[in-house]
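The values are calculated or read from the model by the stated rules, or taken from the named source; none is laboratory data. These figures come from a predicted structure and were not determined experimentally. Virtual Cβ from ideal backbone geometry, glycine too; neighbours counted across all protein chains shown.
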Amino acid sequence: MSTTDIKKLREMTSLGISECKKALHDSKGDFDKALSILKQKGASIMEKKKDRATSQGLIESYIHFGGNLGSLVEVNCETDFVARTEVFKKFTKDIAMQIAATNPRYLNKESIPAEELSKTEDAKLYATEHCLLEQPFVKDNSMTVEQYLKQVVSQTGENVVIKRFSRFSLEG
């Protein structure tokens, strides 16, 4: 377990030094296994917190260069303290940009009407194209938006929910 590995894990996950160090210790120095442990931990934290009330948050906008395309997104969290953190602010900005870039129609695959899903040949591909949480994250396509969300939940220690969103473009 080297300090280089700890630093690299910290940069990749934005988690604390002690958490990264523990993951490397638990994985007996295997970097990939440590990364996997941290991702599973993020998913576990999200699962535990998913029913907690989210009455604070931010509404963020993104207007593309030229002003012909934009989006609005509401992202909620549990406390105003977290809503003011750089991690949360960056997440909301990134999600607003994601929406403008990819034009999702639904938040997740559970939001797709059954009759619409039954008309598709490949439900998984359809969900990836039309559901925000299933899409590859535009700034790092090695993860989905949902994985990015889990990372933010892990970093903030609070339930974070993408509540609603809208995309606007000039007809032309």
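Residue count for the range 109-157, restricted to those that are exposed (fewer than 14 other Cβ atoms within 10 Å of the Cβ), of a type in the set (S, T, N, Q) and in a helix (DSSP H, G or I): 1. In the range 3-51, the qualifying residues are those that are under 18 Å from Val152 (Cα atoms) and of a type in the set (Lys, Arg), and the one that is modelled with the highest pLDDT is Lys8.
Yes/no per residue for (1) among the basic types (Lys, Arg); (2) over 15 Å from the mean Cα position of the chain (by Cα); (3) at pLDDT below 95:
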| residue | (1), (2), (3) |
| --- | --- |
| Ser55 | no, yes, yes |
| Glu78 | no, yes, yes |
| Ala96 | no, no, no |
| Lys124 | yes, yes, yes |
| Phe137 | no, no, no |
